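Remarks on the structure that follows.
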DNA sequence: CCTCAAAACATTTTT
DNA sequence: TGTTTTGAGG
């Protein structure tokens, strides 16, 4: 277990990390707060720290828990730790809060009365539950929007208020409504054997609080806990950590109070601001050296965020060069904005040898993406809209998963209602309500009740409806009976074929439904991939297909594998600023920098909300490595109407010495406004082509086109290559900048 | 029970 | 302007 023979990992840490980073990675004297500025290498610190703990400190990987918010972050962390210690350590837990909680609850949830086969409800499952409950309570959706009720419930949960407490605290009519829905919503989840995202956390905390023995087990196991993005933790997450680390606070949290942008989702900035109060002997380490952006960008960001009060305080600096000023441009309207941005991207792409993947466009609201998408299509600029709708959010995928969930958990009414009439089985809302009543009366799970309607007169359903229900339920009975002999993919296929779901899309003949069928195949593909992975890891242990399916479903709900930025594709990225967090790009456009839009009008009343908008802006600005543009328009089409707009206050908060006002002279490319762009292309911008060239090679250049190599002087990246281009004649190019492609 | 057209509505969304 | 919810009519 102990690797005493090899050189201490600590030596490597002192060599490869800067002093504050090393201090953070090596400190084991108690609670530790690492304030990690944007681009300061926090993941590096966490991964080196994990490696240090298991390599030098005699800890088994089993004793270390690392918690992140996203699966992407967890995956990246796993990979990097594996890279450091040579192979992924067995027993090391790196995962999201939710996946860790779900694992705890599936193992030990029985102690507080949870079924280990519980289903996890995502946002849309929650919403359908709320809608149903509102109907049952006789609350019209005009009285209160289902969405705001759900938000209120979720916020109550993140304050750890169960229905009773919430009801006692309800102060106004709306909260009374919420309280009624909340109670019934929670009952429904229990009947359905379902937990929503918030429940995963709350129930875990409850389990650890109520069960001494189980708590001790986890405490003994997790001797070191590391938490990433601590500024985004909410109350239950804080409590969970506290329960896990109650007696022996080897806890290390990493975060940046200036990058907290999820307060509206329950994140509680106090967790990080008051860490020292909660752990009086906590040590604080600040990581202030930024390795990402130019001096201008860092200074601008620092000045801007300085307008916020209530910060822990941190001064970023960088060793990089000053860089170009931030380009600010005012445009007549939103379509001109899209025109100008795409035009500028094309210009830089051809004149600066930047790849399309070097560009990103950030906006405040998703609705703004359309203009850019259209402009890109018009010009043939390759683009990718990040986080449009995730694969797992697509209708056909949700349907297929609902079938699967119902197979695993026959009590899951939300899934039942979703698919019972897809394809159409003449089982409308009224008929289904009757079945639900019958299930309640006879205390049967919903699938069992559906099956029994055929033989039980007590259901009060028409013969036709009873037959339809029975036939529907029989598909699941059949699949269950064959689960032992089928692979996961076969089982899934069987389910979708027998239920008629696949035929339902095959019957449609438009190209849309073909795409849907492909998505379904993709899902089944993923399932069989999942099965292969499990079988490889678990060895020869026989695993029942139903259990396998359960694992796959969990993966599908908890891992919303959104099509994120694919670094292999050479495309411009478009995304909301929220989605940009954690990413970086050489050249960034922040568009729609206008009052009412950014800061958004809904945040103007509350000073705290305004500060969050400013942090959001800070996050956006600090994504840029080399060049940043801010654009705003005189009038913008919003909800179909033209609205006049003023420049965002955030622009003014950047001192003018860091800005350069650009001017727009119309959509004529001959009168194009040329900004001063003497930014050099840093090494990291260059995709180093490892090809070497020699005389006679046929090559292609992005702007000069096709040509023949006449001669090469020097070697490697600095080699000077003389090329005779078909259209522009002879040119001498430096290999590392030219990005020549052999033809 | 289903369909389609009018009406209402419109931040951000790691799990 | 696009999307989602509603209610009237088939």
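Each reported figure results from applying straightforward, stated rules to the coordinates on display, with no laboratory input. All figures in this text were calculated on a predicted structure; none of them were measured in a lab. Counting neighbours? That spans all protein chains shown, and the Cβs are built from the backbone with ideal geometry, glycine included.
Using square roots of five times the C-alpha gyration tensor eigenvalues, list the equivalent-ellipsoid semi-axes of chain A in whole Å, biggest first.
Equivalent ellipsoid semi-axes, largest first: 47, 33, 29 Å.
Evaluate E = 1/(1 + (r/R0)^6) for residue A:567 and residue A:535, where r is the Cβ-Cβ distance and R0 equals 35 Å; express this FRET efficiency to the nearest 0.05. Could the numbers behind the result be given before it?
On the way: r = 30 Å, r/R0 = 0.85.
Step by step, r from the Cβ atoms, then E = 0.70.
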Helix A:463-482 sits off the longest principal axis of the Cα atoms of chain A, rounded to the nearest 10 on a 0 to 90 degree scale, by 70
Note on the stretch A:434-514: alpha-carbon gyration tensor, axes a ≥ b ≥ c; rule is a/c under 1.5 for rounded, else prolate if a/b larger than b/c, else oblate; result oblate
For A:590, A:304, ascending order of other Cβ atoms within 10 Å (fewest first) is A:304, A:590
Nearest 10, in degrees from 0 to 90: the angle of helix A:334-351 to the longest Cα principal axis of chain A is 60
In deg cm²/dmol, rounded to the nearest 500, the helical mean residue ellipticity at 222 nm of chain A, built from -39500 (n - 2.57) for every DSSP H run of length 4 or more, is -14000 deg cm²/dmol
From the Cα centre of the stretch A:149-210 to that of the stretch A:471-508, the distance in Å is 35
The alpha-carbon center of the stretch A:546-619 and that of the stretch A:225-258 are separated, in whole Å, by 23
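Give the order of A:593, A:134 when sorted by the count of other beta carbons within 10 angstrom, beginning with the fewest.
Numbers: A:593 27, A:134 22.
Fewest to most other Cβ atoms nearby, the residues stand as A:134, A:593.
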The alpha-carbon center of the stretch A:97-148 and that of the stretch A:5-81 are separated, in whole Å, by 35
Residue span residue A:147 to residue A:7: 0.36 nm per residue of separation minus Cα-Cα distance leaves a gain in nm of 44.7 nm
Taking Cα atoms only, helix A:123-136 is inclined relative to the longest principal axis of chain A by an angle, in degrees rounded to 10, of 40
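With 10 angstrom as the radius, rank A:451, A:664 by how many other C-beta atoms surround their C-beta, starting from the fewest.
On the way: A:451 21, A:664 17.
With the fewest neighbours first, A:451, A:664 line up as A:664, A:451.
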